[in-house]
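A short write-up of the structure that comes next.
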Amino acid sequence: MDNAERKTLMTRYLLADVSSEERSRLEEEYSTGDEVFEELVAAENDLIDSYVRGRLPEGDRARFEKRFLNTPEQREQVELARSLMNSEVLRQRKASRGGLSVLPFLPSRSPWKELVAVAVLVIAVVGYSWMAFTNWRLRHELEQMQTRQESLQRADDELRRQVTNLQERMATGSDQQETEQPPGSTMIAISLASDLARSGGKQTTLPLSSGISKVLLVLNREPDSYLTYSVVLETVEGVQIWQKKGLTARPARNGGKVIQVEVSPNILRSNDYVLRLFGNASMENSREAAVYSFRVVKR
Amino acid sequence: MFKNRLRAKQFEGLLQRLHADRDAAGEQYEALRRKLIKFFEWNACFPPEELVDETFDRVAQRIGELEIRDVVGFAWGVAKNIVQEAHKKEARTVHVPDLPRKENPLSGVKDNEGIIHGKMEQERRAECLHLCILRLRDQDRELFLAYYQTESDATQHRQQLASHSGLTIGTLRVRMNRLRKDLGNCAHRCLRSRKMRPDQIESQLKGGHDEGN
């Protein structure tokens with residue numbers, strides 16, 4: 001017998017609508033078992049509630065009135081059920097559950113607690129969405145920066161290749177090279193070895209025509225520990241005509257170093273010049289590292 | 001038939017046979033009494049309290065005379081006999097119909113006083129019930145209102161309520177039965193107290209609430 005059939009049997013027993021066998025069996029059950037007794041009491045309460053709600057069929061209604069309205073206590077039970085049905089507390093609870101309940105699967109105790117639960121849920125969803133968006137945006141920016149870095153690296157590699165190419169050409173005798181510059185400007189570069197290194201070799205000559213807008217002196221050096229360099233350009237008579245500080249060296253293919261010094265051709269005349277290179281191990285400590293000489297021939 | 005009342009000595013004897021521990025015996029006695037009251041009601045035997053007293057009276061008398069191993073089972077047997085006796089008596093009883101009424105010149109007039117009294121009683125009962133529901137512990141009140149708020153498919157709703165509350169359906173049912181009985185007792189005391197002084201009212205309600213819990 002399933003629960004529904006059992007409930008029906010109990011209701012029929014309460015309405016005295018069972019056989020004597022069914023009656024005896026049920027009475028035997030609840031006389032010895034508390035759970036069955038409580039089930040019957042609950043069935044009685046449900047029967048009373050059905051009566052006051054007008055849900056009993058006519059025959060059952062008559063039976064109910066014959067059996068459940070006999071004593072003052074029984075009538076009081078029925079009136080209690082009627083009052084409960086009309087209870088303001090129950091109606092308010094129904095109204096609050098119907099209006100505010102958005103989580104009917106939760107055993108809500110208070111519409112305010114439900115609202116708080118919903119608010120927390122909404123905040124959690126919004127927070128997660130914002131974090132996901134921020135994460136995507138940061139990833140996108142990182143990708144863009146990586147692409148840019150790759151581009152800069154390629155440009156740097158190209159420049160190094162050009163410098164190395166230039167050095168090689170100078171080493172094979174092409175001491176000067178006119179480099180194609182943007183329209184309206186021409187640069188000439190010469191590679192200089194220090195006077196000590198040159199040891200009396202032929203003087204490097206810089207042909208300076210009127211179309212040259214930049215002169216690049218490429219100073220070759222052995223490896224050293226200087227952090228930065230500065231140069232002073234003098235005539236052979238020792239007159240200082242120009243200086244530059246904060247130069248840095250780049251590694252050369254032969255294992256040495258090169259320092260590139262860009263000089264304006266406007267300060268150069270047809271003359272012999274001496275370029276003194278000073279190495280700076282620190283801000284205060286500076287010493288002459290090398291001397292380079294060259295001849296300018298203006299055309 | 002209902003003249004003999006359970007004497008103190010016989011009552012003590014009955015309690016001792018229910019359980020060696022007096023407190024446990026008292027609980028068993030009350031549980032049995034509650035069941036027997038319902039048994040008589042469900043068998044249309046009234047007034048049930050007096051029939052239960054008769055049952056215990058007979059059991060207590062027989063305890064001294066017979067070797068009874070199962071006192072509770074014996075009490076149920078006595079109760080069933082009393083039901084049969086009551087039904088036989090009812091079958092032999094001839095109800096005298098009321099004398100035919102003479103034409104009442106005021107028979108068409110509405111009983112306004114009765115209607116007003118009825119409404120006032122309803123209002124008082126509603127107020128008392130409201131008060132008694134509010135006096136329940138928060139958890140009990142919420143559970144009770146949730147249990148009775150549904151109007152359709154109560155079985156499934158109550159099963160879900162039990163599950164969400166961490167109770168078996170049987171435990172939930174027992175708790176609801178107890179709460180409903182307590183509310184009924186509270187409302188009954190409250191209705192009676194409407195005729196009392198305010199301090200007597202509070203005393204009645206407080207004593208009844210503690211008692212009910």
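The values are calculated or read from the model by the stated rules, or taken from the named source; none is laboratory data. Because the structure is predicted, anything quoted here is derived from the model rather than measured. Note that each Cβ is placed from the backbone with ideal geometry, even for glycine, and that neighbours are counted across all protein chains shown.
See the values below:
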quantity: Out of A:9, A:84, A:69, sole residue that is crowded, with 19+ Cβ neighbours inside 10 Å and at negative phi; calculated: A:84
quantity: Hey, residue A:4 of a type in the set (A, V, I, L, M), more than 10 Å from chain B (Cβ to nearest Cβ), in a helix (DSSP H, G or I) and loosely packed, with under 13 Cβ neighbours inside 10 Å or not; calculated: no
quantity: Per-region count, the range A:207-236, residues aliphatic (A, V, I, L, M), at pLDDT below 90, within 26 Å of residue A:278 (Cβ to Cβ) and surrounded by 15 or more Cβ atoms within 10 Å (Cβ to Cβ); calculated: 1
quantity: Checklist (1) at pLDDT 85 or above; (2) within 11 Å of another protein chain (Cβ to nearest Cβ); (3) surrounded by 12 or more Cβ atoms within 10 Å (Cβ to Cβ) applied to residue B:135, failing item; calculated: (2)
quantity: Verdict on residue A:36 being within 7 Å of chain B (Cβ to nearest Cβ), modelled with pLDDT of 90 or more and more than 60 Å from the chain's Cα centre (by Cα); calculated: no
quantity: Some residue of the range B:28-51 being polar (S, T, N, Q) and surrounded by fewer than 18 Cβ atoms within 10 Å (Cβ to Cβ); calculated: yes
quantity: Pairs with Cβ under 8 Å, 6+ apart, first in the range B:154-182 and within 9 Å of chain A (Cβ to nearest Cβ), second acidic (Asp, Glu); calculated: B:154/A:46; B:170/A:35; B:170/A:38; B:170/A:39; B:173/A:38; B:173/A:39; B:174/A:38; B:177/A:38
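Table: residues versus (1) farther than 22 Å from residue A:168 by Cα; (2) part of a strand (DSSP E or B); (3) within 50 Å of the chain's Cα centre (by Cα).
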site: A:213; (1), (2), (3): yes, yes, yes
site: A:246; (1), (2), (3): yes, yes, yes
site: A:274; (1), (2), (3): yes, yes, no
site: A:292; (1), (2), (3): no, yes, no
site: A:295; (1), (2), (3): no, yes, no
